[in-house]
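In what follows, a structure is listed as structure tokens, so that the remarks can point back to it.
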Amino acid sequence: MTFPTFVKIVEVSPRDGLQSEPTTIDATTKIEFINRLSETGLKAIEVTSFVSPKWIPQLADHTEVLQGIKKKPGISYPVFVPNANGLKKALAAGVCEIAVFSTPSEEFCKRNVNCSVEECLQRVADITTIAKEKNIPVRGYISCVLGCPYEGEISPEAVLKVAEKLIALGCYEISLGDTIGVGTPLKTKKLLETILPKIPAEKLAVHFHDTYGQALANIYVALEKGIAVVDSSVAGLGGCPYAKGASGNVATEDVLYMLNGMNIKTGIDLKKLMAAGDYMLQHLHKSSHSKAGQAMSGK
Ligand code: HMG
Ligand code: MG
């Protein structure tokens, strides 16, 4: 068993976190939040989504936010795009990296992006064709990899099939999303043991929601398998508006606390990260789901 010596955290709170909050945060606060996150040592911060404002009103200010943040050299600032329409808007706003979506679940696909899995993959193909021309790296999300709120069990083979398609379309990395947090460590192991013979660990990331408190245990399994990119969200913000029961993403503070304890480097300052999380929590008027954050601030 060899753990990675360095893990890259992809901070998804400005997108995955704020898309599901009932309170819509104003653009100035989001910009300040992202600027604070940029000072913590993070190497990747997902800024927003270029999706329909009718579907996700919380992120309707995507252009203002993407253009308003201070882009620090060495940090990537991807945005989520569901179709070529979204990519066109993101390009006009000056985007340098994007993330796309797919899933093996027909029903989740319909509810999330209003089309079939096949149509969704065609949209990804349209996006990657343009992205290649513009030299824009594309990260691929796969949702519901360990279970779907509508279809229940999802087989690892079905996830592998989608992952291979996304790689063939040009995604440089696949982020495996446990959208509703139903995964457990042995299920995670089985999924990774199905995927890893076909797709190397260097092309994989994990994205856990923490509904049943399984995320850290699942991340540990992924680390054991050599995966060195973990998506997480400061203060455990997040969810998915189209997945009933999807609670927050695993808290970045908790992931960092575990990685620090395992002597795995991330380059991130935990105290600065907690302060950035507190800043957003004050604006959302809620308390942190991060166990590390609560313990260190004596809550
Ligand atoms: P639709 O209604 O089927 O789209 O929505 P349409 O093509 O029929 O167009 C309808 C209208 O939307 C038109 O405008 C289009 O111009 C407009 P109208 O003529 O009515 O004025 N439109 C757009 N506007 C802005 N940006 C766009 C865009 N595209 C069309 N990109 C659509 C299809 C995909 C747009 C919609 O379903 C949508 O926006 N869905 C949001 C999905 C979303 O953001 N979900 C959450 C992110 S995924 C997630 O959280 C999971 C993840 O975290 C991993 C995990 O945890 O598993 C990634
Ligand atoms: Mg998510």
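Nothing in this text is a laboratory measurement; each read-out follows from the coordinates by a stated rule. On a predicted model such as this, the values are computed, not experimentally measured, just so you know. Note: ideal-geometry Cβ built from the backbone for every residue, glycine included; neighbour counts use all protein chains shown.
Here, the chain has an Rg and a Dmax of 17.4, 51 Å when only alpha carbons are counted.
Given the pairs Lys30/Lys89; Lys225/Lys271; Lys161/Lys189, which span a C-alpha to C-alpha distance of over 23 angstrom in this model? Violating the 23 Å Cα-Cα cut-off are Lys225/Lys271. Pairs spanning more than 28 Å between alpha-carbon atoms, out of Lys43/Lys134; Lys8/Lys291; Lys71/Lys190; Lys43/Lys110; Lys72/Lys134: Lys71/Lys190; Lys43/Lys110. Among Thr103, Thr128, Thr40, the residue with the largest mean-square fluctuation in a Gaussian network model of the chain, with springs joining Cα atoms closer than 10 Å, is Thr40. Which one of Val250, Gly267, Ile227 has its Cα pushed farthest toward the positive end of the charge dipole of the chain, where Lys and Arg give +1 and Asp and Glu give -1 at the Cβ? The listed residue farthest towards the positive side: Gly267. A cut-off under 14 angstrom between Cβ atoms defines the neighbours of Gly261, and their net charge, with Lys, Arg +1 and Asp, Glu -1, is 0.
In the elastic network of the chain, a GNM with C-alpha springs shorter than 10 Å, the most mobile of Val79, Val117, Val100 is Val117. Taking the centroid of alpha carbons for each part, the stretch 13-27 and the stretch 193-231 are 25 Å apart. Given the convex hull of the Cα atoms of the stretch 102-225, what is a quarter of its surface area in nm²? Seen from a random direction, the Cα hull of the stretch 102-225 projects 7.1 nm² on average. Here the sum of -39500 (n - 2.57) over DSSP H runs of 4 or more residues, divided by the residues of the chain, equals -12000 deg cm²/dmol at 222 nm, to the nearest 500.
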